[in-house]
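What follows is a single structure, written as C-alpha cells, with notes after it.
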Amino acid sequence: MAHWKLLLRRLVRQIWFRITLFCLGGFAAAFAALLLQPYIPEDIAISVGADSVGNILGILAASMLTVTTFSLTTMVSAFASASSNLTPRATQLLMEDTTAQNALATFLGAFLYSIVGIVALSTGTYGSTGRLVLLAVTILVIIFIVVTLLRWISRLTKLGTVRETIEQLEEATSSALSRWCRHPHLRAAPRLDWIRMARAVYPAEIGYVQNIDVEKLASIVEGRDVLIDVDVLPGAFVEPTRPVAYVDEEMSDEDIDRVRRAFLIGGRRTYEQDPRFGLIALGEVASRALSPAINDPGTAIDVINAGVRILALYGGRSAEEEDIAFPKVRMPALSTADMMEDFFVPIARDGAGLVEVGIKLQKALQSLSRLSPEVFGRLAEEYSDDALRRAAKSLDEDRDLERVRRHAPTHPPEQIAPKSVAYPGSQAR
C-alpha cells in the first residue's frame, strides 16, 4: 500500500477529523438559513411562529455540552479499563471506534451549531423568514441527534467490555490476515532464502516497520535488469544496523535512498499490514485474564476460539497461482510458526495450571491440525507437546494431566478412551 493511502486512512480514523467535519457542518447549517431566507414567503414564517427557535437553540446548546462531556468521560474510562484489564494494545482499536467518534462529533457539532445560531439571532441577522429556515434546520438536527443518541446508548453497553474488545481485535486481525492471504507477498515475488543481493539497505530510523510500499519499490527497478530483495515484514523492529532490503551493487545512492523511503517506520506496531500484532494482542488479553489478580479462564477460552478462527483463514487460503504484479521485488512470506508461537506460547505458559484452559488449548490445536494438516499439522503437534510439558509441571493431579492429554492432536480420535468422569463443560468449550 502506498504511504499516502495509509496515512490518509489513519487521518480519516482520527476522532478530531470527524469532529471537525461535523463542526463545519454545524456552521454551514446555521449560515444556510441566511442564504435560504429570501425564498421563504413572509406570511408562512409568521403563521408558523418561528420566533420560538431561540429557546430551542438555547436548550440544545446546554444539553449538547453536557452530553459531550459525559460521552468523553465515558470513553476515557473505557480506554483506561481496557488498558488495565485487557491490554494497552486494544485501546488503539477502541479509539478508532466509528460509533463513538460519530457520537462525539454529532454532539459537539450540534453544540457549535446552536451557539452560532444563538449569536446570529442575538445580532438580528435573521429575519422572520430566516428564523423559519433556522427552525427547520434545527428540527433536522434534533432528529439526527436522537438517532445518534440511541445508537450511542446501545454502544455504551458494550464499549470497552471484554467480549467486545476481543471481537474488535479478532476483526482487525482477520482483516489483516485476509489481505495477506489474497496477496501473500504483497503482490511481489516470493523471496528465495539462498539468494541475496550484494548491497544491504539500512534504515535511518529506529522503530517498527508499519508499511512497505511495494509499488514504489517496483517503480525504482522498472525497466532495469536489477532486483530488490526485501528482508523484513511489517511489524519487524529495525535500527540502522538491521538491513531492510538487499539490492544490486550497481544501484546508485539516490536509488538506495528511494528504497529506504519505501519503508514506513514508526514508534509502535499497527494492525493494517501486521496480522501477527493482532495475535500478540489477543495472547496478551488471555495472559491478563489468566493472571492471579483476574483469574478468568473463560476469557482465555474465548480468546482461543478467536485465535482458531483467525488462523483457519490462513490455513484455508487459496492454492491458486499467486498474483505477482511486481516480479522484480521479492518479499518474504508470513511465517506460520511465528504466528502460532505469538498466540499459543503465552496461553500455554500462563494457563498451564488450569485444566479447562489446557483442554481447550489442545482442542484448538487439534482443530487446526484437522482443518489444514499440511499447514498446521506438524506445528500443532509441536506446540501441543510444549503445552503438555508445561501442564505436567503445573498440574498437581495426574488425572488432570490425563484429561488434558486426551485431547492432544498427537492422539488419533479413535485411540482416545472414553472418560469415566467427564470434566464439567469441557465438551462445550
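General remarks:
Here is a yes/no grid of residues against (1) open to solvent by 40 Å² or more (accessible area, probe 1.4 Å); (2) among the charged types (D, E, K, R):
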{"residue": "Val329", "(1), (2)": "no, no"}
{"residue": "Val345", "(1), (2)": "no, no"}
{"residue": "Leu354", "(1), (2)": "yes, no"}
{"residue": "Lys363", "(1), (2)": "no, yes"}
{"residue": "Ser367", "(1), (2)": "no, no"}
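- Taking region 164-189 as the range and being modelled with pLDDT of 90 or more and among the charged types (D, E, K, R) as the test, the residues that pass are Glu167, Glu170, Glu171.
- Residues of region 50-67 satisfying the condition of being in contact (Cβ under 8 Å) with a residue 12 or more places away in the chain and either open to solvent by 20 Å² or more (accessible area, probe 1.4 Å) or on the phi > 0 side of the Ramachandran plot (or both): Asp51, Ser52, Gly54, Ile56, Gly58, Leu65, Val67
- Among the candidates Arg276, Arg288, the residue that is part of a helix (DSSP H, G or I) and more than 30 Å from Val214 (Cβ to Cβ) is uniquely Arg288.
- Pair list, Cβ under 6 Å, 6 or more apart: region 174-189 residue closer than 19 Å to Ile324 by Cβ, other residue of a type in the set (Val, Ile, Thr) and assigned to a strand (DSSP E or B): Ala188/Val329
- Exactly one residue out of Ile265, Ile195, Ile206, Ile212 is among the aliphatic types (A, V, I, L, M) and modelled with pLDDT under 90, and it is Ile195.
- All positions within region 370-386 that are more than 15 Å from Arg349 (Cβ to Cβ), part of a helix (DSSP H, G or I) and in contact with a helix residue (DSSP H, G or I) (Cβ under 6 Å, 6 or more places away or on another chain): Leu371, Val375, Phe376, Gly377, Leu379, Ala380
Rundown of residues vs (1) over 23 Å from Thr148 (Cα atoms); (2) open to solvent by 80 Å² or more (accessible area, probe 1.4 Å); (3) modelled with pLDDT under 70, yes/no style:
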| residue | (1), (2), (3) |
| --- | --- |
| Lys5 | yes, yes, no |
| Arg9 | yes, yes, no |
| Gln14 | no, no, no |
| Thr20 | no, no, no |
| Cys23 | no, no, no |
| Ala28 | no, no, no |
| Ala32 | no, no, no |
| Tyr39 | yes, yes, yes |
| Ile46 | yes, yes, yes |
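- Hits in region 48-73 - residues which are among the β-branched types (Val, Ile, Thr), modelled with pLDDT under 85 and within 30 Å of Ile153 (Cα to Cα): Val53
- Any hit, region 137-147, residues being among the aliphatic types (A, V, I, L, M) and within 17 Å of Glu96 (Cβ to Cβ): no
- Residue check for Arg389: over 29 Å from Arg191 (Cα atoms) and assigned to a helix (DSSP H, G or I): yes
- The residue list Asp338, Asp342 contains one member that is in contact (Cβ under 8 Å) with a residue 60 or more places away in the chain, farther than 30 Å from Arg399 by Cα and outside any loop (DSSP other than H, G, I, E, B), which is Asp338.
- Residue in region 123-134 that is in a loop (DSSP other than H, G, I, E, B) and closer than 30 Å to Thr299 by Cβ present: no
- Lone qualifier among Ser81, Ser114 - being among the polar types (S, T, N, Q) and open to solvent by less than 30 Å² (accessible area, probe 1.4 Å): Ser114
- Test result for Asp213, within 15 Å of His185 (Cα to Cα), open to solvent by less than 50 Å² (accessible area, probe 1.4 Å) and touching a Lys or Arg at 6+ places or on another chain (Cβ under 7 Å): no
Each row is one residue, and each column tells you yes or no for (1) touching a Gly at 6+ places or on another chain (Cβ under 6 Å); (2) of a type outside the set (A, V, I, L, M, F, W, C); (3) under 29 Å from Lys5 (Cβ atoms).
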residue: Ser252; (1), (2), (3): no, yes, yes
residue: Gly266; (1), (2), (3): yes, yes, yes
residue: Thr270; (1), (2), (3): no, yes, yes
residue: Gly278; (1), (2), (3): no, yes, yes
residue: Ala281; (1), (2), (3): no, no, yes
residue: Ala286; (1), (2), (3): no, no, no
residue: Thr299; (1), (2), (3): no, yes, no
residue: Ile304; (1), (2), (3): no, no, no
residue: Leu313; (1), (2), (3): no, no, yes
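- Scanning region 290-324 for residues that are of a type outside the set (Asp, Glu), at pLDDT below 85 and either over 24 Å from Leu368 (Cβ atoms) or within 23 Å of the chain's Cα centre (by Cα) (or both) returns Gly315, Gly316, Arg317, Ile324.
- Selected residue [under 22 Å from Phe263 (Cβ atoms) and over 20 Å from the mean Cα position of the chain (by Cα)] from Ala188, Ala176: Ala188
- All positions within region 152-192 that are in a loop (DSSP other than H, G, I, E, B), open to solvent by 60 Å² or more (accessible area, probe 1.4 Å) and among the polar types (S, T, N, Q): Thr157
- Scanning region 372-387 for residues that are touching a Gly at 6+ places or on another chain (Cβ under 8 Å) and closer than 19 Å to Asp302 by Cα yields a single hit, Ala387.
The values are calculated or read from the model by the stated rules, or taken from the named source; none is laboratory data. Values in this document were obtained by computation on a predicted structure and should not be read as measured data. With ideal geometry, Cβ positions are generated from the backbone for all residues, glycine too; neighbour counts draw on all protein chains shown. Surface accessibility is based on the protein's heavy atoms, side chains included, excluding ligands, DNA and RNA. Shrake-Rupley method; radii C 1.70, N 1.55, O 1.52, S 1.80 Å.
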